[in-house]
Amino acid sequence: MLQEEIFSSALLQSVAAKCKTNAVLAEKPSVATKKHSWFIPGFGAGARVATSFGHVPVEALRCRDEIRTREGCFLRIQHIDTIRLDRRFLLTHPDAQPIAIPKNGLGPDVPNQNILVSGSQKIGSPKRFDQISGRMASEYVGQTNIMRKNHGYFTYYVFHCGEPCTASVDGLWVDLDPDALGKIEE
């Protein structure tokens with residue numbers, strides 16, 4: 001347990017360093033700027049991922065589970081990470097607060113339940129099948145009750161298949177890019 005807390009603390013400090021903010025020494029929240037300071041994609045608990053054996057909550061995924069891609073094939077998950085953000089970090093990095101997308105917020109049955117995602121999670125437009133890459137979730141804020149949902153503590157679940165792909169999460173087509181996680185590990 002102590003080793004896990006030390007790892008979580010080290011990961012949080014690494015993320016804070018990448019965001020160019022000293023979250024550890026900050027005493028009051030910074031003013032939100034137009035500069036995007038949170039770059040890690042991810043999903044809140046309860047988001048359901050289409051797998052080879054049905055829709056599975058993101059927090060229950062395991063390495064080697066197969067997820068359905070937009071191309072119709074199944075790819076194995078090669079990496080899963082849990083990123084826990086505490087109150088201080090969320091106060092000093094307002095871009096890290098999740099985006100709440102309500103059921104039917106992007107179209108009929110899209111998403112098929114309320115979902116929380118990182119503002120940096122790329123989401124494909126449900127009506128644009130020719131779209132090469134999705135838009136960041138933060139770009140949808142203000143549209144059909146889509147907004148940032150402030151939390152005191154929040155956990156993101158992040159996963160990828162070792163190669164860029166587009167997967168179905170609660171009826172949304174989302175881009176999964178292993179390079180986005182490489183920024184954390186550098």
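The HN-Hα couplings worked out from phi for segment 66-74 by the Karplus form 6.51 cos²θ - 1.76 cosθ + 1.60 (θ = phi - 60°) are 9, 10, 7, 9, 4, 6, x, 8, 10 Hz, whole numbers, x standing for Gly and Pro. Between amide H atoms placed 1.01 Å from N, distances below 5 Å from H160 occur with Q78, H79, all of them 5 or more places distant or on a separate chain.
Carbon-plus-sulfur fraction of the accessible area of segment 60-177, 1.4 Å probe, in percent? Roughly 47 percent of what the probe reaches on segment 60-177 is carbon or sulfur.
Less than 5 angstrom separates the built amide H of M136 from those of I123, all sequence-distant by 5 or more or on a different chain.
The values are calculated or read from the model by the stated rules, or taken from the named source; none is laboratory data. None of the values given here were measured: they were computed from a predicted structure. We work out accessible area using only protein heavy atoms, side chains counted, and drop any ligands, DNA or RNA first. Shrake-Rupley method; radii C 1.70, N 1.55, O 1.52, S 1.80 Å.
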